[in-house]
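Below is one structure; the comments refer to it alone.
The values are calculated or read from the model by the stated rules, or taken from the named source; none is laboratory data. Nothing here was measured: the structure is a model prediction, and the numbers come from that model. Glycine also receives a Cβ, built like all others from the backbone with ideal geometry; neighbour counts cover every protein chain displayed. Calculation scope for accessible area: heavy atoms of the full protein, side chains included, ligands and nucleic acids excluded. Shrake-Rupley method; radii C 1.70, N 1.55, O 1.52, S 1.80 Å.
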Amino acid sequence: MTGMVALYIFMLAAFTGYEVIARVPVILHTPLMSGSNFVHGIVLVGAMVALGGAQTPLEKTIGFIGVLLAAGNAVGGYVVTERMLEMFKASGPRSSPEKRTS
Amino acid sequence: MPGWWSADVAIQISYFVTAVLFIMGLKRMSSPVTARSGILWAGAGMAVATLITFLYPGMSNYGLILPAIFVGGVLAAWSGRRVAMTNMPQMIALYNGMGGGAAAAIAAVELYRGGTEGYASTTLAVAGGIIGAVSFSGSLIAFGKLQGLIKRSLRFAGQQIFNLLFLLAALVLGALVIAHTNATSAVVTGFFLLALVLGVTMTLPIGGADMPVVISLYNALTGLAVGFEGFVLNNAAMIIAGTVVGSAGTLLTQLMAKAMNRSLGNVLFSGFGDTGAAATGAVQGSLKPIEASDVGVMLAFAQKVIVVPGYGMAVAQAQHKIWELCQLLIDRGVQVRFAIHPVAGRMPGHMNVLLAEAGVPYDLIADIDEINAEFETADAALIIGANDVVNPVARTDKSSPIYGMPILNADKAKNVIVIKRGQGAGFSGIENALFYLDNTRMLYGDAQKVAAELIQAVKAVG
């Protein structure tokens with residue numbers, strides 16, 4: 001892709017990120033930060049390509065570390081975000097959920 | 001197979017789908033109702049992109065790629081499952097640092113290999129490299145600090161100038177790499193080492209209280225580095241996802257800094273965070289203790305109770321017991337709300353996660369703007385392990401370090417009950433005027449034990 005097209009993509013993506021997050025309630029700041037942390041785990045794709053093209057032992061070593069770290073970012077980011085969001089529940093029909101039967 | 005179909009087309013289409021899934025996923029994550037599905041969407045996008053990348057033309061070293069993904073993934077999944085909710089901020093820092101390190105590693109491989117073509121590509125590789133490396137080493141320091149592995153905040157005179165020199169030196173080496181597009185390995189190595197050291201020296205002086213803002217900043221920086229390396233590798237999925245996180249993370253960082261009443265520059269370059277700066281300002285009045293049984297009666301016959309939880313509650317693991325107490329009150333017809341200050345817990349929104357873990361439904365939880373007018377009509381405000389965020393000094397005392405910080409108006413409630421371990425000051429080391437008010441009573445003890453006593457007391461009322 002040409003430089004100008006890349007620049008347009010960069011500009012539009014920046015606005016998208018801003019708009020998607022604007023007006024988010026404080027209660028979701030921590031999960032959202034964790035979620036965006038997961039999304040940049042896409043670096044895994046680049047690390048795979050870099051290691052896939054590495055030739056010297058030095059390049060291979062650094063590439064290996066890169067893929068290792070990137071996989072950690074993607075998988076770890078997913079697991080903790082999912083764990084946090086799973087816990088967010090609204091209350092039932094009346095204001096006291098669970099325990100109602102006891 | 002039709003002529004237009006190839007591995008490359010499949011890869012481009014998959015990356016496009018991934019970008020769409022990421023953006024929709026993040027959008028869904030910004031509302032509590034749809035948040036859960038948001039991460040699933042984003043996860044699906046990641047799976048699609050990762051799998052299709054195995055078809056990338058001209059790839060080799062599969063024998064290295066697969067084990068690296070396996071080992072990194074398994075270790076991260078294991079640690080992510082085990083981490084306690086109270087330790088979530090530093091875990092996010094750790095995973096974020098790994099992403100930054102990966103972006104720097106991509107830059108390093110491409111620069112050593114001479115894989116970048118032209119000045120624009122080399123410049124972006126260098127820029128992404130320095131940002132990624134700083135984010136990597138800086139996030140590791142942030143992790144160490146929050147985890148308690150690094151106790152002291154290293155500060156010395158002229159530190160800012162020292163850091164500035166490091167940055168300049170790294171930039172000079174970076175410029176050298178760009179200037180001879182096929183730079184010697186030694187220059188590239190020196191560049192990355194300087195960038196790594198810079199991340200360490202930048203982060204060490206920042207206090208623990210400010211760390212969440214720093215983690216959020218490094219999160220945005222990693223996004224940016226990923227976006228830059230995406231340009232180098234001509235990879236649209238990386239450009240879009242990285243840039244979206246870069247700008248979303250920057251906004252999130254600003255929101256957090258604002259919630260803490262600090263500017264970003266102030267966080268990075270002043271170092272108030274954990275100094276316990278001069279806690280002067282004499283407070284009038286005395287501390288008036290109260291017994292759990294009396295509080296139990298008061299709560300049981302109240303109409304409206306507002307609970308103000310702080311990090312101290314989470315440390316004592318009292319949130320489950322507190323919620324049990326609140327359920328008893330709710331069953332008696334008492335109206336119960338939880339009031340969350342933006343910086344309750346270790347980062348904005350952290351307390352919501354901790355309460356959610358205990359089973360508190362999110363619609364009983366109110367943030368500062370929603371709840372502050374309601375304190376006047378509350379019969380009791382129950383303060384558990386919170387301190388600075390309810391200190392009225394922030395409204396009145398111009399000399400106080402927390403002056404101007406928005407606080408919860410707990411002092412306006414008819415009765416204020418403070419559950420506290422002992423008589424110490426808060427995180428900032430500032431004496432709390434709320435504790436000395438006429439309508440305040442102190443209930444000393446471990447939050448979990450006190451909560452259990454309160455449950456008994458309310459049950460005894462019958």
- prompt: Counting Lys and Arg as +1 and Asp and Glu as -1, each charge on the Cβ, what is the dipole of segment B:314-462 about the Cα centre in debye, to the nearest 20?
  reply: 360
task: Can you tell me the order of A:50-58, B:224-232, B:136-144 when each peptide is scored by its average per-residue count of other Cβ atoms within 10 angstrom, highest first?
output: B:224-232, B:136-144, A:50-58
- prompt: Amide H to amide H under 5 Å from A:G53: which residues, 5+ apart in sequence or cross-chain, H placed 1.01 Å off N in plane?
  reply: B:S60
task: For chain B, give the magnitude of the charge dipole about the Cα centre (Cβ charges: +1 Lys/Arg, -1 Asp/Glu; no others), in debye to the nearest 20.
output: 440
- prompt: What shape does segment B:193-270 have by the C-alpha gyration tensor, where a ≥ b ≥ c are the square roots of the eigenvalues, rounded means a/c under 1.5, and otherwise prolate means a/b greater than b/c and oblate the rest?
  reply: oblate
message: Checking the a/c ratio against 1.5 first, then a/b against b/c, what shape does the Cα gyration tensor give for the protein assembly as shown?
response: prolate
message: Whole angstrom only: what separates the Cα centroid of segment B:115-159 from the Cα centroid of segment B:348-363?
response: 32
statement: Inter-part gap, Cα centre of segment B:13-44 to Cα centre of segment B:51-102, in whole angstrom, is 19
field: Vicinal HN-Hα couplings computed from phi for segment A:56-64 (Karplus, 6.51 cos²θ - 1.76 cosθ + 1.60; Hz; Gly/Pro x)
entry: 6, x, 4, 4, 5, 4, 5, x, 4
query: For the Cα atoms of chain B, what angle does the longest principal axis make with the long axis of helix B:7-28, in degrees from 0 to 90, nearest 10?
result: 10
Helix axis angle, B:118-146 relative to chain B longest principal axis, alpha carbon, degrees: 30
message: Net charge within 15 Å of A:G35 by Cβ-Cβ distance, Lys/Arg positive one each and Asp/Glu negative one each, not counting A:G35 itself?
response: +2
field: Peptide B:220-229, shielding by other chains (average Cβ, 10 Å cutoff)
entry: 5
- request: With θ set to phi - 60°, apply the Karplus curve 6.51 cos²θ - 1.76 cosθ + 1.60 along segment B:318-324 and write out the HN-Hα couplings as whole Hz, x wherever there is a Gly or Pro.
  value: 9, 4, 5, 5, 4, 5, 4
statement: The local net charge around B:A105, scoring Lys/Arg +1 and Asp/Glu -1 for residues other than B:A105 whose Cβ lies under 14 Å from its Cβ, equals -1
task: Quick one: what are the phi-derived ³J(HN,Hα) couplings along segment B:53-67, Karplus 6.51/-1.76/1.60 with θ = phi - 60°, whole Hz, x for glycine and proline?
output: 5, 5, 8, 3, x, x, 7, 9, 6, 4, x, 9, 5, 4, x
- request: Round to the nearest 10 and give me the degree value, 0 to 90, for the angle of helix B:447-461's Cα axis relative to the longest principal axis of chain B.
  value: 40
message: Give the lysines whose C-alpha is closer than 26 Å to that of B:K459, dropping any in the same chain fewer than 8 places away, or say none.
response: A:K99, B:K288, B:K304, B:K321, B:K414, B:K420, B:K449
message: Going by average Cβ density within 10 Å per residue, which order do the peptides B:195-208, B:346-359, B:376-389 take, highest to lowest?
response: B:346-359, B:376-389, B:195-208
- prompt: Ranked by accessible surface with a 1.4 Å probe, highest first, in what order do A:L7, B:L146 come?
  reply: A:L7, B:L146
task: With the Cα gyration tensor of segment B:112-159 in hand, give its eigenvalues times 5 under a square root as the equivalent ellipsoid semi-axes, listed largest first in whole angstrom.
output: 33, 14, 7
- prompt: Given H placed on each backbone N at 1.01 Å, which residues far from A:K89 in sequence or on other chains put an amide H within less than 5 Å of it?
  reply: B:Y362
field: Residues with amide H under 5 Å from that of B:N415, placed H, sequence gap 5 or more
entry: B:A380, B:A381
- prompt: Got the relative contact order for chain A handy, in percent, Cα pairs under 8 Å and 6 or more residues apart?
  reply: 29
field: Computed helical MRE - 222 nm, chain B, DSSP H runs ≥ 4 contributing -39500 (n - 2.57), nearest 500
entry: -19000 deg cm²/dmol
statement: Net charge near B:N87 (other residues with Cβ under 15 Å of its Cβ; Lys, Arg +1; Asp, Glu -1) is +4
query: How would you classify chain A from its alpha-carbon gyration tensor, with a ≥ b ≥ c the square roots of the eigenvalues: rounded for a/c under 1.5, else prolate if a/b is greater than b/c, otherwise oblate?
result: oblate
